[in-house]
Amino acid sequence: MNRKSPVRGGEKNGSAARVVGNGRKDEARGRSTGAGSPLRLATEAKVLTIARARTLRQQARRGGRKVVFTNGCFDLLHAGHVQYLEAARRQGDLLIVGLNCDASVRRLKGKGRPIQGERDRALLVAALAAVDGVVIFEEDTPARIIEALDPDVLAKGADWKASDIVGRDNVLARGGRVVRIPLRRGASTSTIIEKIVRTHRRAARAPSR
């Protein structure tokens, strides 16, 4: 999980986010929509604007359901991400994930990142059964999106000190909970990248036959 996260601009109510795809709800799910048209994925319906995420949160509240929020870059989706998101989802009834946009990942992780663009990362995270909604955002912290969504539970990796978790005071002041979730040891995008680079270098040095 990343230490800082940015909120995508352009929404009302002081929040910022954007939808991936054209936002149409009547597209065919998992098949072509016609000659020459792109394949539409059911998961795109789970990639939300901040306004849609707020509506989802309000509907959940009216139904007495608890909303969990977490955020991250989720560059190369791996088992650690899946385990983390499933654990976060178990803290409530609905999980909304804030996803760092490409520009913010570059600021946080450096040159060469992200490996995958925000659209692909959003679709992969949205495809997970544990995830109910994904919002792409670009501010340096998720403070504004947390303020806008007012989650019942704020989840973050246990590698974060409780006092450093952005939005913690807000959530606690409103009667919510902040949960630090243990991470899968050795599972990270950086580790995967390093392994790929090492493997490529060994292959390049190996004598040809």
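What net charge is computed for the residues neighbouring residue 106, neighbours being all others with C-beta under 12 Å from the C-beta of residue 106, Lys and Arg scored +1, Asp and Glu -1? The partial results should precede the final answer.
On the way: positive: 107, 109, 111, 113; negative: 75, 102, 118, 138.
Local net charge: 0.
Can you sort 44, 147 by how many other beta carbons sit within 10 Å, fewest first? All intermediate terms of the calculation are to be shown ahead of the outcome.
On the way: 44 22, 147 15.
Neighbour counts put them in this order, fewest first: 147, 44.
Rule-based calculations on the coordinates, nothing more; no lab input. Computed from a predicted model, the values in this text were never measured in an experiment. Note: ideal-geometry Cβ built from the backbone for every residue, glycine included; neighbour counts use all protein chains shown.
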